[in-house]
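Below: one structure, written as structure tokens.
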Amino acid sequence: MPPAKLNPEQNEAAVYRGGPLLILAGAGTGKTRVIVHRVASLIGEGVEAGRILAVTFTNKAATEMRHRVDALVPGAGARVWVHTYHAFAAKLLRRHAVALGLPPRFTVFDASDSKRVVSEALAECGMADERPKAGLYVSVISRAKDDLLDWQSYGIHAMAQGDAFRSNVAKVYERYQKKISAAGGLDFGDLLLKVCEAMKHDEGLRNHYQKAFDHVLVDEYQDTNHAQYVLTKTLSAKHRNLCVVGDADQSIYAFRGANIRNILEFEADFKDAKVVKLEQNYRSTPQILAAAGAVIANNRRRHDKALWTENAEGVAVVVEEAPDERAEARWVVRRVVELAEQGVSFKDMAVFYRTNAQSRQFEEAFTLASIPHRVVGSVRFYERKEVKDALSYARAALNPADSVSLERILNVPARGVGKTAEEVLKNYALEHELTLRQAVAKQGQIAGLGPAARRGLAELDHVLTLLERDLGTLPPHEGMNAVLQRTGYWSWLEGQVDTDPEAASRLGNLQELMNALAEFGTRGTPEVPARLETFLEEVALQGGADGYDASAPSVTLMTVHLAKGLEFPAVFVTGLEEGLFPINAGNFSPENLEEERRLCYVAMTRAKERLYLGHAANRRLFGRNTPNLPSRFILEAKLVSGPRPFDPFAADEGRQVAPERPASQPFAPNAPVPLTRVKNGMRVRHPEFGAGRVVETSGAGESMRVTVQFDKGPARKLLVRYAPLLPA
């Protein structure tokens, strides 16, 4: 833990007042502490708390920051603007909704809502066969919004590029956007896109918010996308009191639109910027820092830093090779049992993997060993069906234009409105230019509806009318209780308890929802009462790790991406094999490979006392058993697993540092040694891709790359040092 007082570099960052400030905060160096102390010192100097904006990337981090500010300056945490980018944008848009042409009670659609609407848009655009790819379309549209491209601008770009897929996306984007706008909704990307558009075109609004804050602080600046970058520069353009905190070595969200250039080029954007490096690590042992530092040193796009610590030396980093993924899981379980016998709590241990699919082996192994565990990021609490149903009722009542939420609960609980009736209702709404809610109210006038459907829709109309009247005035938990009782949802689930073993669990989840709403209600004040629509917005803006509970007495299983910002006394990083971590290594661009290396660095630096690195000699991928080389990251860390057979019940401490082992170790004893030198025209064989011919070479020695045109499959670029190419 950081000391009671700030170290010299932390203090320098906290008290600097000379304009733009870049704080390069290495892993575990106490960056949140610096931000909080900077905010407290500003208030101590007379800056009004309400004129400070602090932006972070998760709701959990924002809540923690408020509490820590309060601990230093009692009462200030609630006055400082501490938000995620999306929450800040939503707050601004709500305040100016009418002026910006938005419904005051607009719905914030989450990722699952967006996917459902995109799926409908694909069908309406004549691309129903593309519906299995709805998630991909959502991702591409989201990245377009991150780059501040609305559907018209994206369409122009797609036309200029002449790309068939982009042309399809442009059509779907347009249809999708019109559908969510008609439903009175905004998705995540819209929040930032519309704020940036408003700031650009509305001089009065721009001037207002440029004058509203005297200081802007941004945490995790390496994770900002283009829209966030533009918003940050706009808000701080006049006073220039911008402080950004981050670490290029921990930039791991390029797939979400994050642009590492924002932090790498901060000094080019602000020529007079002050740079402070935080290099004293308070989290990890020197052994762990040495291994992680050796890995990340291989990246070129980074700020030079050298983390150090006064912590005790600790035990050596353990590396283990298992014959396959099942044995790897057994090895992790055995180590967990050993640590538990030594007094380490299950909650202090975590298993990381590169892809969600890898969790199955660990879940099965932990279950078989009766070890308590939880998978973070699988199905979030607020994505569970019964919780989502309840929230959809509330959203539909609070925003009558929200056809997306209403469509979800038209026949939940069952009220005679089947698929045919639903299509009749939706077609009627489309033909008469009505919202789905307005069509429900006119159910008596719609031809083609059967008696049961009419009765069901009339009942739904009555319930929604009552909820529309009451939800705006009732306290949040009372409003949700009204939803569950008046819709019959609670009694419907109660009636299934004897026949459905999951019903009791679903009722428990709804009770937990009520608990969350009751707790949320206590955050209100007489001047600003807690409102149900605010709760719904916060839920929609939650990230994958926001619901993580560090006190739960179980081993944590999660992807490395979700582990960002967390720490554990004991960490297992698994699946460290070429092709898996780094993923798809043979076809990587240098930029993608550096991102994978940063991801490995983040995984390793989550560990406080013990770090275990595991890999499998063989792994079943896509139904086929594939031999694997250890990840280059193990080699770069100067940690190499030995050649002896794996024994999951052995009592040794694993393989230790052995840097003298050559990088070109064969797959197995007596196997042909992989080639280290190749030339154009040479015939080679790869254990996964088969035989092929080298068509291009570049570089030399350990940096030598080749392009191989395989006989059965596409050409692939490979790094000879790591590619197991054999003579054909």
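The values are calculated or read from the model by the stated rules, or taken from the named source; none is laboratory data. This one's a predicted model, so the numbers in the text were calculated from it and none came from an experiment. Counting neighbours? That spans all protein chains shown, and the Cβs are built from the backbone with ideal geometry, glycine included. Accessible surface is based on the protein model in full, side chains and every heavy atom, while ligands, DNA and RNA are left aside. Shrake-Rupley method; radii C 1.70, N 1.55, O 1.52, S 1.80 Å.
A few comments on the model shown:
- In this structure, the pairs whose alpha-carbon distance is over 25 Å, taken from Lys91/Lys238; Lys178/Lys200; Lys178/Lys211; Lys115/Lys712, are Lys178/Lys211; Lys115/Lys712.
- Listed peptides 396-407, 197-208 by packing density, highest first (mean Cβ within 10 Å): 396-407, 197-208
- Net charge of neighbours whose Cβ lies under 12 Å from the Cβ of Leu493, counting Lys and Arg as +1 and Asp and Glu as -1: -4
- Mean-position separation - Cα centroids, the range 86-161 and the range 328-343, in angstrom: 45 Å
- Solution diffusion estimate, µm²/s, Stokes-Einstein, the range 193-235, Kirkwood Rh from C-alpha pairs, 4 °C, viscosity 1.567 mPa s: 118 µm²/s
- Along each principal axis, Cα extent of the range 460-514, largest first, Å: 36, 23, 9
- Beta bridges per DSSP with both ends in the chain, % antiparallel, nearest 5: 35 percent
- Residues of the range 309-344 with amide N under 13 Å of the 7 Å Cα→Cβ point at Arg360: 325-326
- One equal scatterer on each Cα of the range 1-64, no solvent, Debye formula: the resulting log10 I(q)/I(0) at q = 0.22, 0.26 Å⁻¹ is -1.09, -1.39.
- A 1.4 Å probe run over the range 163-244, with the rest of the protein chains in place, finds 36 Å² accessible per residue.
- What the phi angles of the range 19-30 give under the Karplus curve with 6.51, -1.76 and 1.60, with θ = phi - 60°, is a coupling list of x, x, 9, 10, 9, 8, 10, x, 4, x, 9, x Hz, glycine and proline written as x.
- Helix axis angle, 359-368 relative to the chain longest principal axis, alpha carbon, degrees: 90 degrees
- Burial order of peptide ranges 460-470, 571-581 (average beta-carbon count within 10 Å, highest first): 571-581, 460-470
- The chain, relative contact order [Cα under 8 Å, separation at least 6], %: 15 percent
- Cα-based helix-to-principal-axis angle, 476-486 vs the chain, degrees rounded to 10: 70 degrees
- Rg/Rg_ref, the range 393-551, where Rg_ref = 2.2 N^0.38 Å and atoms are Cα: 1.15
- With a Förster radius of 60 Å applied to the C-beta separation of Thr234 and Asn515, the computed FRET efficiency comes to 0.90.
- A simple packing score, the average count of other Cβ atoms within 10 Å per residue, orders the peptides 98-108, 478-488 as 478-488, 98-108, with the highest score first.
- Over the range 412-526, accessible surface divided per residue gives 52 Å², non-protein components excluded, 1.4 Å probe.
- The eigenvalues of the Cα gyration tensor, multiplied by 5 and square-rooted, give the range 209-350 an equivalent ellipsoid with semi-axes of 39, 18, 16 Å from largest to smallest.
- Taking the convex hull of the alpha carbon positions in the chain and averaging its projected area over all directions gives 35.0 nm².
- In terms of overall dimensions, the C-alpha atoms belonging to the range 208-277 reach 34, 25, 18 Å along their principal axes, ordered largest to smallest.
- Percent breakdown of C-alpha pair distances by 10 Å bin, ordered from the shortest bin, for the range 269-366: 12, 30, 32, 19, 6, 2
- With each label modelled as a point 7 angstrom along the Cα→C-beta vector, the Leu434-Val275 pair spans 6.4 nm.
- Alpha-carbon spread of the range 87-243, three principal axes, descending order, Å: 52, 33, 26
- Alpha-carbon centroids, the range 53-83 and the range 183-218: separation in whole Å: 20 Å
- When the Cα convex hull of the range 167-252 is projected onto planes of every orientation, the mean area is 7.6 nm².
- Prolate/oblate/rounded call for the range 282-334, Cα gyration tensor, a/c under 1.5 rounded: oblate
- For the range 5-105, a Kirkwood hydrodynamic radius built from all Cα pairs, placed in the Stokes-Einstein relation at 25 °C and 0.890 mPa s, yields a translational diffusion coefficient of 165 µm²/s.
- Carbon + sulfur, % of accessible area of the range 165-233 - ligands and nucleic acids excluded, 1.4 Å: 47 percent
- Each Cα pair under 8 Å and six or more residues apart adds its sequence gap; the mean of these over the residue count of the range 65-206 is a relative contact order of 29 percent.
- Cα-based helix-to-principal-axis angle, 85-95 vs the chain, degrees rounded to 10: 20 degrees
- P(r) tail fraction, the range 54-174 - alpha-carbon pairs more than 21 Å apart, %: 56 percent
- Portion, in percent, of the accessible area of the range 39-151 that falls on carbon or sulfur, probe 1.4 Å: 56 percent
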